[in-house]
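Trainee: Below you'll find the structure I mean.
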Amino acid sequence: METGATISAPSVRQAPIQRAIAVNDAKICYFDWPGAGPTVLMAHGTGFHARCWDAVIDLLGDAHVIAVEHRGHGRSSKTPPYDWGTLGADMAAIVEALHLRDVVGVGHSLGAHVMIQAGCALTERFRALLAIDPILCAPEDYARAKPFTGVHPAAKRRNIWASPDAMYDSFKDREPFSRWRPQVLRDYCDHGLLSAAAYDEEGDGFRLACPPDVEAQVYGGDRQCDITAQAAALDLPVTVMRAGVRPERPNNPQNDISPFWPGLANHMRRATDVFLPELAHAIPMEDPDVVADHIQRLRA
């Protein structure tokens with residue numbers, strides 16, 4: 001990690017304002033933390049939701065922050081298609097619809113891919129990007145990729161939970177969640193479930209805010225949206241953070257392979273590579289401080 005920049009002391013921010021906006025035939029939910037200075041626009045990874053950023057946002061002082069929930073995730077509508085190009089178009093449409101300018105775009109995993117798409121489409125509206133372990137492949141990997149036709153393991157995720165507490169207790173001692181800050185896991189569980197009534201279903205308990213079949217469809221499209229040419233031409237400062245640890249998952253060894261293309265920063269015009277060998281893919285969940293530090297650098 002570089003030295004010289006400091007993060008704001010943790011603060012107790014007011015609860016965000018939950019809003020919704022219609023873009024591209026979907027109702028997109030986002031959370032708005034009022035504040036000052038350049039707007040920080042945040043995009044989460046596959047299967048997550050906007051409130052997974054809370055621990056990072058608490059370190060950003062009085063910054064204006066907007067955290068978006070992709071279609072199919074969180075409280076956004078479950079409106080297909082869920083291909084990555086559509087998710088990128090949604091993010092660009094949100095930037096335009098909210099009249100955002102001087103934006104620091106922050107994305108994790110899928111969210112980094114989406115935010116780079118938005119930055120390429122609306123470069124003049126962005127100040128800089130922070131791409132956290134982005135799922136981008138080398139061009140040759142996209143060239144030989146075939147459409148995914150199987151059943152992704154995410155489709156078999158447990159969907160029904162008695163309570164957020166039950167979900168937390170089930171996950172807290174298991175990889176990769178055992179690596180997370182406890183408060184981030186708490187936020188993931190507390191805000192990652194919806195009542196059965198929210199899905200027009202009968203019965204007690206809660207359902208995942210990103211249904212397993214939606215998560216599986218999103219994962220299945222990760223090699224079908226090649227933006228490497230656009231990324232190479234992007235004229236924005238970009239900080240690319242990449243992880244070094246791949247927690248062992250015996251039942252799905254493919255997840256031990258880094259989704260990140262190590263050559264991405266060199267491929268881009270104005271990118272800086274930040275390698276974090278001690279962290280795994282869920283960098284914002286494991287170390288909110290390092291993420292907040294780099295956001296503040298880009299805001300400054």
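Trainee: Rounding to the nearest 20 debye, state how big the charge dipole of region 1-132 is about its Cα centre with +1 on each Lys and Arg Cβ and -1 on each Asp and Glu Cβ.
Mentor: With Lys and Arg at +1 and Asp and Glu at -1, about 260 debye.
Trainee: If you average the alpha carbon positions of region 109-147 and of region 199-231, how far apart do those two centres end up, in angstrom?
Mentor: So the separation of the two Cα centres works out to 18 Å.
Trainee: Right, another one. Convert each backbone phi in region 16-31 into a coupling constant with the Karplus relation 6.51 cos²θ - 1.76 cosθ + 1.60 (shift: θ = phi - 60°), then list the ³J(HN,Hα) values in order as whole Hz, x for Gly and Pro.
Mentor: x, 8, 7, 10, 9, 9, 8, 9, 6, 6, 10, 9, 9, 8, 9, 10
Trainee: Translational D (Stokes-Einstein, µm²/s) of the chain at 4 °C and 1.567 mPa s when Rh comes from the Kirkwood sum over C-alpha pairs?
Mentor: 67
Trainee: Mind listing the phi-derived Karplus ³J(HN,Hα) values for region 54-71, rounded to whole Hz, using 6.51, -1.76 and 1.60 with θ = phi - 60°, and x for any glycine or proline?
Mentor: Along region 54-71, the couplings run 3, 5, 5, 4, 4, 9, 9, x, 9, 4, 6, 10, 10, 10, 9, 10, 4, 3 Hz.
Trainee: What's the magnitude of the charge dipole for the chain around its Cα centre, counting Lys and Arg as +1 and Asp and Glu as -1 at the beta-carbon? Answer in Debye, nearest 20.
Mentor: That gives the chain a dipole magnitude of about 300 debye.
Trainee: Under the Kirkwood approximation applied to all pairs of distinct alpha-carbon atoms, what is the hydrodynamic radius of region 148-289 in Å?
Mentor: When all Cα pairs of region 148-289 are included, the Kirkwood radius is 17.6 Å.
Trainee: Right, next: With a cut-off of at most 11 other beta carbons within 10 Å, and DSSP calling the residue loop, which trypsin sites (Lys or Arg not before Pro) in region 99-205 qualify? Please list them.
Mentor: Hits after loop and neighbour filter: Arg158, Arg174.
Trainee: Take the chain, connect every pair of alpha-carbon atoms lying under 10 Å apart with a spring to form a Gaussian network, then pick out the residue of His281, His70, His267 with the largest mean-square fluctuation.
Mentor: His267
Trainee: Output the antiparallel fraction of DSSP beta bridges having both residues in the chain, as a percent to the nearest 5.
Mentor: 40
Trainee: In terms of Cα to Cα distance under 18 Å, which lysines are near enough to Lys27, apart from those fewer than 8 places away along the same chain?
Mentor: The qualifying lysines are Lys78.
Trainee: Can you give the extra length, in nm with one decimal, that the chain gains between Asp200 and Ala232 once fully stretched, where that is 0.36 nm per residue apart less the Cα-Cα distance?
Mentor: Once the chain is fully extended between Asp200 and Ala232, it gains 7.0 nm.
Trainee: Please compute the net charge surrounding Leu136, taking Lys and Arg as +1 and Asp and Glu as -1 over other residues with Cβ under 14 Å from its Cβ.
Mentor: Net local charge, Leu136 excluded: -4.
Trainee: Which residue fluctuates most in the GNM of the chain (Cα springs below 10 Å): Leu193, Leu136, Leu122?
Mentor: In the Gaussian network model the winner is Leu122.
Trainee: Per residue of region 137-142, what does 6.51 cos²θ - 1.76 cosθ + 1.60 with θ = phi - 60° give for ³J(HN,Hα)? Whole Hz please, x for Gly and Pro, Karplus curve as stated.
Mentor: Residue by residue, region 137-142 yields 9, 5, x, 5, 6, 5 Hz.
Trainee: Run the helix sum for the chain: -39,500 (n - 2.57) per DSSP H stretch of 4+ residues, divided by residue count, reported at 222 nm to the nearest 500 deg cm²/dmol.
Mentor: Taking each H run of at least 4 residues, the total per residue is -8000 deg cm²/dmol.
Trainee: Further, regarding this structure: At a Förster distance of 22 Å, what's the computed FRET efficiency of Arg158 paired with Gln224, Cβ-Cβ distance as r, to 0.05?
Mentor: Efficiency at R0 = 22 Å is approximately 0.20.
Trainee: Determine, from the Cβ-Cβ distance of Gln14 and Ala300 and an R0 of 25 Å, the FRET efficiency 1/(1 + (r/R0)^6), rounded to the nearest 0.05.
Mentor: 0.60
Trainee: Same structure again: Which is the longest stretch in the chain that no exposed loop site breaks, taking sites as GluC sites (Glu not before Pro) with a DSSP loop state and at most 13 other Cβ atoms within 10 Å?
Mentor: 3-200
Trainee: Report, ordered by chain and residue number, the lysines lying within cross-link reach of Lys172, taken as a straight Cα distance under 21 Å and ignoring same-chain residues fewer than 8 apart.
Mentor: Reachable lysines: Lys156.
Trainee: Hey, if you put +1 on the Cβ of every Lys and Arg and -1 on every Asp and Glu Cβ in the chain, which of Leu100, Val65, Ala197 ends up farthest toward the positive end of that dipole?
Mentor: The Cα lying farthest towards the positive end belongs to Leu100.
Any read-out appearing in this document is the output of simple, stated calculations on the displayed coordinates, not a laboratory observation. This one's a predicted model, so the numbers in the text were calculated from it and none came from an experiment. Cβ: placed from backbone, ideal geometry, glycine included. Neighbour counts: every protein chain shown.
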